[in-house]
Amino acid sequence: MDQYRITYNNSDFIVTLEAGPMIGVCRTQDEAKQMIEIREHENLILETARRLVKKAVNDLMRTHNIDRRTAQDWIKETVG
């Protein structure tokens, strides 16, 4: 999971990823912490969605004896 960091610079609190990219600039440290909490929650949602799609693709492959690419295409078709 991504690691976030808060640094103080010229009266602003800057939220960055540990790897370097800036996420946002906040006026208060509390706002910066809230931004991190939101991002962490969104990351959790994304990981859950990825696991569900992976399971759906695997189940479709097994059920209909099709390859991964074809199963992914069928799953994408349902979302669009």
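For Ile23, the residues 5 or more places off, or on other chains, whose built amide H falls under 5 Å of its own are Val15, Thr16, Leu17.
Helix 68-79 and the long axis of the chain differ in direction by around 70°, with both axes built from C-alpha atoms. Between helix 29-64 and the chain, what is the angle of the helix's C-alpha long axis to the longest principal axis, kept within 0 to 90° and rounded to the nearest 10? Between the helix axis and the principal axis of the chain, the angle is about 10 degrees. Could you tell me the calculated FRET efficiency between Ala19 and His64, based on Cβ-Cβ distance and R0 = 35 angstrom, to the nearest 0.05? FRET efficiency, Ala19 to His64: 0.30.
When the charge dipole of the chain is built from unit charges on Cβ atoms (+1 for Lys and Arg, -1 for Asp and Glu) and taken about the Cα centre, the candidate among Thr28, Val53, His64 whose Cα reaches farthest toward its positive end is His64. Here the average projected area of the convex hull drawn through the C-alpha atoms of the range 4-79 stands at 6.5 nm².
In plain terms, the chain from Trp74 to Leu44 could stretch by 8.3 nm, reckoned as 0.36 nm per residue minus the Cα-Cα distance.
Taken about its Cα centre, the range 4-79 carries a charge dipole of roughly 360 debye when the Cβ of each Lys and Arg holds +1 and the Cβ of each Asp and Glu holds -1.
Here the range 14-57 is treated as a Stokes sphere of Kirkwood radius computed over C-alpha pairs; at 10 °C and 1.306 mPa s its diffusion coefficient rounds to 134 µm²/s.
Bear in mind these aren't lab numbers, they're just calculated from the coordinates by the rules spelled out. Quantities reported herein were computed from a predicted structural model and do not represent experimental measurements. With ideal geometry, Cβ positions are generated from the backbone for all residues, glycine too; neighbour counts draw on all protein chains shown.
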